[in-house]
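Heads up: the structure comes next, in structure tokens.
Laboratory data are not the source of any read-out in this text; all were calculated from the coordinates shown. Just so it is clear, the model here is predicted, and its values are computed rather than measured. Because the Cβ atoms are built from the backbone with ideal geometry, glycine has one as well, and the counts that use them run over all protein chains shown.
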Amino acid sequence: MYHFYDQYCVEQAAKSRLRALPQVDLPVSLDFSSNDYLGLATHPDVVNAAIEAARQCGAGSTGSRLLSGNYSLIESFERQIAQSKHTEAALIFSSGYQANMTVLASLLSQRVLPAAPIVFFDRLNHSSLYNAMFLSGAEYVLFERNDMADLRRQLQKYRVASRPAFIVTETVHGMEADLLPIADVVDIAASYNCFLYLDEAHATGLYGPQGYGLSTTVDLSPVPHMVMGTFSKAIGGAGAYIACNTIMQQFMLNRTAGFIYSTAPSPMSVAAAAKAWSMVPALAAQRQQVFAMADLLRQLLRARGITVMGDGTNIVPVCLGDESDTLALKKVLLEEGMMVSAIRPPTVPTGTSRLRIAINALHDSDSVNQLAQAIVQHLSRPATRG
């Protein structure tokens, strides 16, 4: 029986798609792979908040939120999130994947809705959102990423008034490095009477007037909606949240299996995330630095004819196309003390393998120039290009 599983791994290796855990003991002077965009994961105030919570509440929550794991710290943080996101309520989950998959599947339940729902689904949505679709069994129609004309075409073609309709997309895409035209999406959702589900995993902490996400830049009240975000990126911790109205919060408490049957997040992780969350509005200078350095890197690479995707985000994807070329460049950069992420299918479409470079608040012009020079140098070598 083991042979079948081994054969799968052999086939993935032959296509340069076999995953392996990275070595963490290699000397790295510049980390461009971390999602800790604001440097909050190691901030003394954030670390101390986790330590104090452990002293007062222990290391673990001891049970699910509906049993022994509902403590005042987590409810206080949920109220803080709701206020920041301009919603009535919020609910905290242990991970973004758990939240997306189980929350969206619950929203699409045919046992709750009056008719089978139809979902207009961003083709490049995260794996967790795709798995929510598979779990729910709902019918879905794909539209091209950020193509509002295509979204309207699909709605005109497939929208049926008798069926509940949903639009599901990400506000900041972690692989394409682009920004959702959110005002347009809200207008479309209102025009076609759709429930709008927004994933703000990469937006939380970096976008909006106070850093609380792209969703805070528009009025979402014209449409039924729910916003999901994580603490594992710019917030520097672990876990996730949904921001919604009180009706939807109560529904999730009673319907979402990933919430009902999961142990609550530890007091340490909640306290750390809450502290980091409260610091976000004061980090405008750090956000400005992040975007300035990302713009600089794009300019340096594009000036040398290198294909760089996206604009206006701190994520800078360098598209090489071939899996083996992408892994080779990642390796040589790591040997020079610079860590970047190599992203390959099926995470991204075939033929679009890329280095995913994440700029954070600790990067300056010297570090960005050093990375750009290394990339240009190695891509100019025929052996690297393949």
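Put a plus charge on the Cβ of each Lys and Arg, a minus charge on the Cβ of each Asp and Glu, and nothing anywhere else: the dipole of the chain about its Cα centre is then about 580 debye. When the chain is described by a simple charge dipole with +1 on each Lys and Arg Cβ and -1 on each Asp and Glu Cβ, the residue from 301, 357, 185 located farthest towards its positive end is 185. Relative to the Cα centre, the charge distribution of the range 58-281, modelled as +1 at Lys and Arg Cβ and -1 at Asp and Glu Cβ, gives a dipole magnitude of about 480 debye.
Tell me, what is the percent relative contact order of the chain, built from C-alpha pairs under 8 Å that lie six or more residues apart? Walk me through the numbers before you get to the answer.
Values: 718 pairs, mean separation 89.3, N = 386.
Computed over the chain, the figure is 23 percent.
List the pair-distance distribution P(r) of the range 58-281, using every Cα-Cα distance, as the percent of pairs falling in each 10 Å bin from 0 up to the bin containing the longest distance, rounded to whole percents. Reading the bins upward from 0: 8, 36, 37, 16, 3, 0.
Exactly which trypsin sites (Lys or Arg not before Pro) in the range 42-123 are in a DSSP loop and have at most 14 other Cβ atoms within 10 Å? Intermediate values should be presented prior to the final figure.
On the way: sites: 55, 65, 79, 85, 111, 123; in loops: 65, 111, 123.
In loop regions of the range 42-123 (DSSP not H, G, I, E or B), the sparsely surrounded trypsin sites (Lys or Arg not before Pro) are 111, 123.
What length, rounded to one decimal in nm, is gained on full extension from residue 210 through to residue 47, with 0.36 nm per residue of separation minus their alpha-carbon distance? Mind showing how you got there, number by number?
Details: separation 163, 0.36 × 163 = 58.68 nm, distance 2.23 nm.
Stretched fully, the residue 210-residue 47 segment lengthens by 56.4 nm.
For the pair residue 29 and residue 4, how long in nm is the line joining their label points, each one 7 Å along Cα→Cβ? Simple spin-label model gives 5.0 nm for this pair. If R0 is taken as 41 Å, the Cβ-Cβ distance between residue 324 and residue 285 corresponds to a FRET efficiency of 0.50. Of all lysines in the structure, those lying under 19 Å Cα to Cα from residue 331, and not within fewer than 8 positions of it along the same chain, are 15.
In a simple Cβ point-charge model (Lys, Arg +1; Asp, Glu -1; nothing else charged), the range 85-159 has a dipole of about 140 debye relative to its Cα centre. Mind running the shape call on the range 159-291? Use the C-alpha gyration tensor, a ≥ b ≥ c as the square roots of the eigenvalues: rounded below 1.5 for a/c, prolate if a/b tops b/c, oblate otherwise. Judged from the Cα gyration tensor, the range 159-291 comes out oblate (a/c at least 1.5, b/c at or above a/b). Under a cut-off of 22 Å between alpha-carbon atoms, report the lysines in cross-link reach of residue 275, not counting same-chain residues fewer than 8 places apart. Once the sequence-local lysines are set aside, what remains near residue 275 is 85, 233.
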